[in-house]
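Right, one structure below, let's go through it.
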Amino acid sequence: MQTILITGGAGFIGANFIPYFLKNNKDLQVVNLDVLTYAGNVSNLSEIKDNSRYTFIKGDICDRNLVEELFNKYNFSGVIHFAAESHVDNSIKNPDAFVRTNVFGTFNLLDIARNYWMESPNVYKEGYQDCRFHHISTDEVYGTLGEIGLFTEETSYAPNSPYSASKASSDFMVRSYFHTYRMNVITTNCSNNYGPKQHDEKLIPTIIRKAISGENIPIYGDGKNIRDWLYVLDHCKGIELVYKKGITGETYNIGGKNERDNLYIANIICEILDKELPKEKSYKEQISFVKDRPGHDFRYAIDASKIENNLGWNAQENFETGIKKTIQWYLEKYN
Ligand code: NAD
């Protein structure tokens with residue numbers, strides 16, 4: 001049975017991806033390597049803890065000895081690399097952790113996989129020809145958009161935060177391993193995910209949590225910043241498709257075609273909570289504007305036509321259907 005290394009699987013997207021992937025691929029085993037920063041939580045994976053095709057290893061992607069030992073022990077035939085420092089606000093306060101994990105950690109994994117799978121540039125070892133390294137990245141590498149336009153795979157990189165700069169750097173390392181060594185790499189750049197299991201610090205869990213606890217719901221600036229929201233399970237389906245069918249060396253943008261501004265998001269969550277968990281006044285009265293994030297990008301929006309037309313992927317949730325499911329999950333968590 002083939003074994004895939006998944007990094008950062010105790011975080012938000014990885015913890016949605018692994019159960020989905022194991023269920024859909026009964027012929028594969030998964031090893032989840034996660035150092036469990038504040039953002040990782042093994043209870044995110046409680047539904048698969050007894051699955052015989054799943055192994056959890058607590059460890060750091062930057063630890064060369066450990067990652068080499070894991071390759072030798074499990075003979076990985078693929079890597080799907082989620083592990084990262086992922087919160088823009090933290091990258092403003094503490095950028096060094098972002099450079100270490102996102103840039104050096106990605107390089108470390110890539111380089112170990114190359115040594116393990118390949119003889120020399122262009123030459124895979126016998127039996128390792130189909131081994132693939134899939135790097136999970138973000139649309140934030142493209143910088144910011146004005147009122148119009150969409151990010152395509154051809155858009156020039158223009159990262160604006162230490163987080164997006166570290167992800168852009170990791171994307172370039174991955175790209176270089178294709179062009180220099182012809183290693184079988186592939187990258188997906190996705191828009192903002194939402195759904196179950198996201199860390200409390202992120203926008204949507206914060207809005208729900210603060211609303212329920214009766215606190216002010218903080219919205220940066222004037223609330224007009226726009227993101228293209230992607231339901232996490234739609235993202236997981238896109239990753240699986242690209243991992244299996246994408247063209248080596250290429251990149252694929254994954255986006256939900258659900259551009260919404262932050263104020264709209266706060267308002268719709270409050271409206272749903274007004275129905276699901278009514279109280280005397282509307283939750284909307286708790287919305288309060290706070291000082292904007294430094295360098296806050298105005299708008300991100302993805303043109304997903306490459307993955308749609310070439311691989312047949314489509315987002316199945318729109319924001320209004322996905323947010324209802326998401327709120328149900330957080331109501332169970334927070335109530
Ligand atoms: P997350 O912060 O929820 O989870 C990251 C996981 O990586 C955590 O479990 C953490 O413990 C682990 N980790 C961090 N440093 C590590 C290290 N040095 N070694 C091993 N494990 C380590 O992040 P997420 O939201 O699940 O994002 C996953 C990936 O998707 C990231 O690469 C991120 O850049 C990318 N992405 C996320 C979004 C989004 O909206 N969440 C959007 C675009 C791209």
Once both axes come from the Cα atoms, what is the angle between helix 106-117 and the longest principal axis of the chain, in degrees from 0 to 90, rounded to 10? 30
For the chain, rounded, prolate or oblate, judged on the Cα gyration tensor with a ≥ b ≥ c (square roots of eigenvalues), a/c < 1.5 rounded, else prolate if a/b > b/c? prolate
With a cap of 13 neighbouring Cβ atoms within 10 Å, and only residues DSSP puts in a loop, list the GluC sites (Glu not before Pro) found in the range 117-206. 126, 147, 154
Which residues qualify? For residue 3, with a placed amide H closer than 5 Å and at least 5 residues away or on another chain, they are 29, 77
Would you pull out the residues with amide H under 5 Å of residue 192's amide H, same chain only if 5 or more places away, H placed 1.01 Å from N? 228, 230
Which ³J(HN,Hα) values, rounded to whole Hz and listed in residue order, are derived for the range 265-274 from phi using the Karplus coefficients 6.51, -1.76 and 1.60 in 6.51 cos²θ - 1.76 cosθ + 1.60 with θ = phi - 60°, glycine and proline given as x? 4, 4, 5, 5, 5, 4, 4, 5, 5, 4
Anisotropy class of the range 23-82 from Cα gyration tensor, a/c 1.5 cut: oblate
Give me, ordered by chain and number, the residues 5 or more places off residue 299 or on other chains with an amide H under 5 Å from its own placed amide H. 145, 226
How large is the convex hull of the Cα atoms of the range 78-129 per residue, expressed in Å³ as a whole number? 75
Would you kindly calculate the mean projected area, averaged across all directions, of the convex hull enclosing the Cα atoms of the range 151-304, in square nanometres? 10.1
Taking every DSSP bridge whose two residues both lie in the chain, the antiparallel percent to the nearest 5 is 15
Taking Cα atoms only, helix 232-245 is inclined relative to the longest principal axis of the chain by an angle, in degrees rounded to 10, of 20
Can you give me the % of accessible surface on the chain that is carbon or sulfur? Probe 1.4 Å, all protein chains present, nothing else counted. 49
Using the scaling law 2.2 N^0.38 Å as the reference, what is the normalised Cα Rg of the range 180-225? 1.83
Give me the distance between the Cα centres of the range 307-335 and the range 188-243, rounded to whole Å. 10
Quick check on the range 46-161: take the gyration tensor over C-alpha atoms, sort the square-rooted eigenvalues as a ≥ b ≥ c, and tell me if it's rounded (a/c under 1.5), prolate or oblate. prolate
Computed over the chain: longest principal axis from alpha-carbon atoms vs helix 162-181 long axis, angle to nearest 10 degrees, is 20
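The values are calculated or read from the model by the stated rules, or taken from the named source; none is laboratory data. Quick caveat: nothing in here was measured; it's all calculated off a predicted structure. For neighbour counting, all protein chains shown are included, and Cβ atoms are generated from backbone atoms with ideal geometry for every residue, glycine included. SASA here: full protein model, heavy atoms, side chains in, ligands and nucleic acids out. Shrake-Rupley method; radii C 1.70, N 1.55, O 1.52, S 1.80 Å.
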